[in-house]
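Please treat every number below as a calculation from the coordinates, not as lab data. All values reported here derive from a predicted model rather than from experimental measurement. So basically every Cβ, Gly included, is an ideal-geometry build from the backbone, and we count neighbours across all protein chains shown.
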C-alpha cells in the first residue's frame, strides 16, 4: 500500500488547525503520514498542533518565511509516494484520499487526481459542491485552458499528486505570496500526463477569513499575482503555442486587468500590452446591473472608479 504524505503549512490558525488535523487523521487510507510545518505562528497554533503528535503526525516549527517555504519544508520531510497538500483551515472528507488512490491505481500513476470541492465560511455543512467544467478528465493543456477561460479551479487540497510528478515539477516558488498555488500546480499538471477527476472525493475550502493572503489586494499582493500569471503563461506556451492557448492566456490577463484596475495602473498596462500581443480577449468585466449600466454608458474603467469611490464613502460612514 502506497504511503501518502499529508502536508500542512500553518500560520496563526489556532481557530481551525485542530479540525484540519482531525480530518487528516480520519482519512480511511491507512498508510499515511501527516507533516505540519508551523511557520512562526504568534498564536497558539503550535501548541495545539503538538497535542496531535504521534507516530504518524510530525510537527515542525520554523521562523516565519511564508506559506511556500513552509510547504517546501514539509515536502523535504515527506517520505510518501503521493502528496496531499492541505491548508491549515481547510478540511478533507474521510474517504477523499482513498477514492483518489483507487482511481490512480487503475493504471494512472502518471496522472494527478482532482476531486469535488465546496466553499464554506463557518461550518463545512454549508459547503455546496457545484460542478464546474474542470470537473472532468482532461489533458494538462486542456485543463489549464478550460480553467483560464472561466471553467473553474481547484484549491490545493482538491489534488492528490504522485511524488514522481511533483519531483519533476520542482519546489514551490518562495518569491510568490499570492497565487503561489496556481503557479505550482500549473507546473505539476504540465509534468503529468493529465488529470483524473474523482467523483465523491471531497474537500472543503474555507473562505472569508480576514487577513488571508488570497484576500489581500496590497501592492505586493498584486505584484505576486501578476508575476505568478506571467510564469504560468510561460509554462503553458512553452508546452503548446496555438490560437486556443493564446486566447486562454489573454483571457487570464484580461481578468487580471479587471481586478487590478484602478489600484495598480502600471501592472494593468503591462497586462493589457501582453494580452494584446497574444491576440486579445473577448472577456467582459463582471459586475451587477448598476455597474453594467454605468460601464455601458461611461466605459468599464470609469465604472470601476465610481464603484471604488462609492465603497470608500460607505466605509467612511461606518
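Each stretch of four or more DSSP H residues adds -39500 (n - 2.57); spread over every residue of the chain, this sum gives -13500 deg cm²/dmol at 222 nm. Take every Cα pair under 8 Å whose residues are at least 6 apart in sequence, average their separation, divide by the length of the chain, and the relative contact order is 16 percent.
For the chain, the longest principal axis of the alpha carbon atoms and the long axis of helix 219-239 meet at an angle near 80°. Each Cα pair under 8 Å and six or more residues apart adds its separation to the average, and for region 212-283 the resulting relative contact order is 33 percent. Going by neighbour counts of Cβ atoms within 10 Å, the residues 132, 53 line up, fewest first, as 53, 132.
Taking only the C-alpha atoms of region 11-166, Rg followed by Dmax gives 16.0, 45 Å. Helix 243-260 axis versus longest C-alpha principal axis of the chain: approximately 80°, rounded to the nearest ten. With one equal scatterer per alpha carbon and no solvent term, the Debye-computed log10 I(q)/I(0) for region 78-190 at 0.11 1/Å reads -0.36.
Could you please rank 198, 146, placing first whichever residue has the fewest other Cβ atoms within 10 Å of its Cβ?
By the 10 Å Cβ count, ascending: 146, 198.
On the principal axes of its alpha carbon atoms, the chain extends 63, 49, 34 Å, with the longest extent given first. If every alpha-carbon in region 212-283 counts as one equal scatterer, what log10 I(q)/I(0) does Debye give at q = 0.20 1/Å? After summing over all Cα pairs, the log10 values are -0.79. For region 151-198, treating each Cα as an identical point scatterer without solvent, what Debye log10 I(q)/I(0) comes out at q = 0.20 1/Å? Log-scaled intensity ratios, in q order: -0.68. As a proxy for reagent exposure, 308, 274 were ordered by neighbouring Cβ count within 10 angstrom, fewest first; the result is 308, 274. Is the shape of region 126-254 rounded, prolate or oblate, going by the alpha carbon gyration tensor and its root eigenvalues a ≥ b ≥ c, with a/c under 1.5 for rounded and a/b larger than b/c for prolate? Note, shape of region 126-254 comes out rounded.
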